[in-house]
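The values are calculated or read from the model by the stated rules, or taken from the named source; none is laboratory data. Just so it is clear, the structure is predicted and the values come from calculations on it, not from any experiment. Note that each Cβ is placed from the backbone with ideal geometry, even for glycine, and that neighbours are counted across all protein chains shown.
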Amino acid sequence: MSLAQNIEPDGRNIELVGFTTMRSGAPKQVQLTYSPSVVPFFKDEAQRRGDAKPDGDADTVEVTGTLKFADSRRKTNEIQIISTGNVGHTVVVPSGMMSDIVKPLWAEEVTVTGVQKGRKIYLTQIRPVEPD
């Protein structure tokens, strides 16, 4: 789900992403097109899988800053985003996303969306900040 979200069309720069595969000797084609309704699906899917930890005292938050720290040695993968004023935000990353999604964004300015519970943010989306 996370990989698909990273390559999904944004409706501005990319309007369509296509894939072609061979199945039983015949080509099978799939197209992804921009649809604003896709984003809630990904968020709901992350919550259903348990990657996000929503409950009554959890809030959806968005943080922009530089990805400066990553730790995959523990039971939960965590990264730190350093925002304006040198403030660190700990973000719990779903399993399988660390190397595929997070690693290519190392030391880049990113925007993280997630569900905050206590002092941690449970990642639902991470994307690079688009230059102006």
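Contact map, segment 16-34: first residue loosely packed, with under 10 Cβ neighbours inside 10 Å and aliphatic (A, V, I, L, M), second residue outside any loop (DSSP other than H, G, I, E, B) and modelled with pLDDT of 85 or more, Cβ cut-off under 9 Å, separation 6 or more or different chains; pairs are Met22/Lys28; Val30/Thr20; Val30/Thr21. The set of residues in segment 88-109 being among the small types (Gly, Ala, Ser) and either within 11 Å of the chain's Cα centre (by Cα) or within 17 Å of Ile121 (Cβ to Cβ) (or both) consists of Gly88, Ser95. Got a sec? Which of Val115, Val110, Val102 is surrounded by 19 or more Cβ atoms within 10 Å (Cβ to Cβ) and outside any strand (DSSP E or B)? Within the list Val115, Val110, Val102, the selection yields Val102. Taking first residues from segment 74-85 that are closer than 13 Å to Arg119 by Cα and partners that are in a loop (DSSP other than H, G, I, E, B) and modelled with pLDDT under 90, no Cβ contact under 6 Å between residues at least 6 apart in sequence or on separate chains turns up.
When the residues of segment 102-132 are narrowed to those that are closer than 12 Å to Lys68 by Cα and not charged (D, E, K, R), which ends up modelled with the lowest pLDDT? This residue is Val102.
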